[in-house]
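A short worksheet on the structure shown next.
The values are calculated or read from the model by the stated rules, or taken from the named source; none is laboratory data. None of the values given here were measured: they were computed from a predicted structure. Counting neighbours? That spans all protein chains shown, and the Cβs are built from the backbone with ideal geometry, glycine included.
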Amino acid sequence: MTDSQQIIELTDRLGAHNYAPLPVVISRAEGVWVWNPEGRKFMDMLSAYSALNQGHRHPRIVQAMKDQADRVTLTSRAFHNDQLGEFYRDLLDICRMEMALPMNTGAEAVETAVKAARKWGYTVKKVRPNKAKIIVCRNNFHGRTTTIVSFSSDEQYRRGFGPYTPGFQIIPFNDTDALAAAIDEDTVAFLVEPIQGEAGVLVPDEGYLAAVRRLCSANNVLLMVDEIQTGLGRTGRMFAFQHDGITPDVIIIGKALSGGMLPVSAVVSSAEVLGVFKPGDHGSTFGGSPLACAVARAALAVIRDERLCERAEELGAHFRRRVSRINSPLVADVRGRGLLNAVQLRPDSPKTARQCCEELLAKGMLCKETHRDVIRFAPPLIISSEDLDWAIDRIEQVLT
């Protein structure tokens, strides 16, 4: 089957409708470009929600995957494999942490962090049995599991999925006074995105995370930073929390950890926190597989060797400068950090963000709305300045 419309119709007929994709089929990809079955070329300005920081099918990561697939792909954690220790060493060297726990998806990593924080609370901090509380932020997005939607403030994510998991308190994002007021004797952790991506690329005030770090330290509360979308170079640093010069207690990593090759995620922390897990407490058949570890090691090496953090910093500043100068009656705000950026439309805009994305699709560019009024732009970090300008030209055409 090679016709895009036939593929879309088959997919819609047989699959659950839990996504609303743009009407485009991708059958081939390389770097920042993708092609549909008819051979039309599009620029990818979404990067699978930042899972493709290294670009589509980066040859170094592809080769690592092929080489490992020729040896062994899966052992389960019932046995040791020869890649896991090397992956731990490479990852912890980047994170400057003591211990890692690998999983598959980002949501699994968040669930792992929640379990770690609770058990740490009971065994180390000595909070009351079954009273551990984790504070989260309004408009958060940490995944879609039953536990995670229980602490979402988005009604669509929650509707129809109750009863909800207790033990979470929601406070406003970017509000240290609210955090200080919420912390009590049973608080074990504060879980936060350094930039709220799904909420519309909301960047907190400078120094917010530093103030959060001080509050958590003063109250013996774990600071858990969800870097699944913002991490691994996306915002111009290896991790977005580094913009505030802090060190969290727990880092949650996913998406670009595999360069878009397969699901790989991890929780990294101190031995005090992750050391609470004993055999049988937690696990994953595919987590830490030799294939996942080999691919992730190559993905991390590409970020380091190709200086993708520095590229994101430089090109992101260029993107915001140019887009901010667009004279458009539709635009209320342009914001972001590194190559994670958003255009906020005015409340009275005659076009929705979805309509703008559809017009950009017609011009050969792929991006995605978040909510009704925000267009999100997150190209692979390997994008050239010439290709980025090509994209900005088309953004200007649609917005004006």
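For this structure, a couple of remarks:
- Segment 247-275 residues that are at pLDDT 95 or above, paired with ones that are of a type in the set (Lys, Arg) and surrounded by fewer than 24 Cβ atoms within 10 Å (Cβ to Cβ) (beta carbon under 7 Å, 6 or more apart): none
Results for (1) touching a residue at least 60 places away in the same chain (Cβ under 8 Å); (2) assigned to a helix (DSSP H, G or I); (3) among the aliphatic types (A, V, I, L, M), shown as yes or no for each residue.
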| site | (1), (2), (3) |
| --- | --- |
| GLU310 | yes, yes, no |
| GLU313 | yes, yes, no |
| GLY316 | yes, yes, no |
| PHE319 | yes, yes, no |
| ARG322 | yes, yes, no |
| SER328 | yes, no, no |
| GLY336 | yes, no, no |
| ALA342 | yes, no, yes |
| PRO347 | no, no, no |
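- Residue count for segment 139-152, restricted to those that are surrounded by fewer than 17 Cβ atoms within 10 Å (Cβ to Cβ) and not in a helix (DSSP H, G or I): 2
- Residue in segment 250-274 that is surrounded by the fewest Cβ atoms within 10 Å (Cβ to Cβ), counting only those that are in contact with an Asp or Glu (Cβ under 9 Å, 6 or more places away or on another chain) and over 14 Å from LEU232 (Cβ atoms): ALA271
- Filter result for GLU185 (among the acidic types (Asp, Glu), closer than 24 Å to ILE94 by Cα and outside the structural domain of VAL32 (by TED's automatic domain parsing)): no
- Condition met for ALA107 (under 22 Å from the mean Cα position of the chain (by Cα), surrounded by 17 or more Cβ atoms within 10 Å (Cβ to Cβ) and closer than 20 Å to LEU232 by Cα): yes
- Answer residue from segment 351-400, given it is over 24 Å from the mean Cα position of the chain (by Cα) and in a loop (DSSP other than H, G, I, E, B) and is surrounded by the most Cβ atoms within 10 Å (Cβ to Cβ) among those: LYS351
- Residues that are outside any loop (DSSP other than H, G, I, E, B), over 23 Å from MET365 (Cβ atoms) and of a type outside the set (D, E, K, R), drawn from segment 8-23: LEU10, LEU14
- Considering the conditions (1) at pLDDT below 95; (2) closer than 26 Å to HIS243 by Cβ, ARG372 is excluded by exactly one of them, (2).
- Wholly enclosed helices (runs of 4 or more DSSP H) of segment 42-96 bearing at least 1 residues under 22 Å from SER284 (Cβ atoms) and in contact with a Ser or Thr (Cβ under 6 Å, 6 or more places away or on another chain): none
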